[in-house]
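Peer 1: This is the structure I want to talk about, given as structure tokens.
The values are calculated or read from the model by the stated rules, or taken from the named source; none is laboratory data. As the structure is a prediction and not an experimental result, all values here were calculated from the model. Here Cβ is always computed from backbone atoms with ideal geometry, including for glycine, and neighbour counts include all displayed protein chains. Accessible surface is based on the protein model in full, side chains and every heavy atom, while ligands, DNA and RNA are left aside. Shrake-Rupley method; radii C 1.70, N 1.55, O 1.52, S 1.80 Å.
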Amino acid sequence: MNKMYTLAVVAGFLLAGCATQSELPPRAIVEPSVIYQAIEVEQALDAREGQAIEAGAPWFKVLPGNIPVIITAPHATRPLRDGNRRFSDGGGTAALALSVAGLTGAHVIYTTEEGPSDPNYYDDNDFKRELARLINEVRPRYVLDIHGSHPYRPYDIDLGTMSGRSLLGEDVLLHELIASLRGEGLDNLSYNYFGASKNQTITKFASGLGVPAIQVEVNTTYLSPSEGNLEAQRFSKLVQALVRYVEKEESGTVK
């Protein structure tokens with residue numbers, strides 16, 4: 001009896017050890033250097049507020065990548081809507097897109113100046129034309145459109161999909177994104193508060209060209225790494241969540 005009891009105890013420890021090992025978390029991806037660079041981008045773009053540019057001068061930039069994913073940040077600077085300057089979502093939106101792209105190889109298009117239009121409100125502008133060209137060239141698996149949301153909003157992130165229509169039947173893309181966000185502790189999520197269905201949004205535009213798209217509305221407390229250590233760490237967590245999500249495309253696990 002004692003021998004059988006001993007064997008059972010040993011087997012229990014071995015099984016417990018295997019279970020514990022299988023539940024170990026993955027190694028962190030984001031280094032502090034990534035956040036320092038993001039802070040530089042955030043501050044440089046925020047400093048463009050109120051700065052006039054010459055007619056015809058570039059007001060957005062494309063960063064080519066090497067995987068079939070496109071990330072956009074159309075409100076990194078103040079857009080022009082109905083003849084008036086709308087508030088910016090902050091340079092942190094572009095900093096986020098560039099940070100993720102730097103670690104994954106995704107393509108990025110983002111505003112760098114206060115341009116003559118609003119790429120998330122109108123289709124007739126150079127930003128959308130360049131996005132269309134990029135979509136035609138890259139044939140992306142999906143488009144992530146990054147925006148900033150008021151810090152008083154009760155969620156960390158709201159995911160807009162035109163009530164599911166912009167996914168074009170690829171619902172797994174949404175579920176994988178939710179899983180990646182929750183995996184980094186971003187549990188306070190909202191769905192379609194900003195559905196991306198009004199006006200001529202990036203999400204509507206991309207899905208109209210046959211590419212699944214998700215509008216990612218991020219509470220700005222996660223988009224202001226220059227504000228302090230807590231904000232920088234929140235930004236880092238979000239970068240890591242999106243990197244892990246995009247890396248699934250590189251490894252071919254998102255189908």
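Peer 1: Report, by residue number, each residue of the stretch 118-132 that is touching a strand residue (DSSP E or B) at 6+ places or on another chain (Cβ under 9 Å) and open to solvent by 10 Å² or more (accessible area, probe 1.4 Å).
Peer 2: Selection gives 120, 121, 122, 126, 130.
Peer 1: Filter the stretch 72-85 for residues that are buried (at least 24 other Cβ atoms within 10 Å of the Cβ) and not in a strand (DSSP E or B) and give the result.
Peer 2: 74, 75, 76, 77, 79
Results for (1) touching a residue at least 12 places away in the same chain (Cβ under 8 Å); (2) in a loop (DSSP other than H, G, I, E, B), shown as yes or no for each residue.
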position: 87; (1), (2): no, yes
position: 96; (1), (2): yes, no
position: 110; (1), (2): yes, no
position: 113; (1), (2): yes, yes
position: 118; (1), (2): yes, yes
position: 123; (1), (2): yes, yes
position: 127; (1), (2): yes, no
position: 135; (1), (2): yes, no
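Peer 1: Quick check, is residue 58 open to solvent by less than 30 Å² (accessible area, probe 1.4 Å), touching a residue at least 24 places away in the same chain (Cβ under 8 Å), over 22 Å from residue 232 (Cα atoms) and more than 15 Å from the chain's Cα centre (by Cα)?
Peer 2: No.
Peer 1: Would you check if residue 114 is open to solvent by less than 20 Å² (accessible area, probe 1.4 Å), more than 18 Å from residue 204 (Cβ to Cβ), acidic (Asp, Glu) and more than 14 Å from the chain's Cα centre (by Cα)?
Peer 2: Yes, satisfied.
Peer 1: May I ask you to list pairs of residues, at least six apart or on different chains, whose Cβ atoms are under 8 Å apart, with the first in the stretch 220-237 being modelled with pLDDT under 95 and the second being surrounded by fewer than 22 Cβ atoms within 10 Å (Cβ to Cβ) and among the hydrophobic types (A, V, I, L, M, F, W, C)?
Peer 2: That search, which allows pairs on different chains as well, returns nothing.
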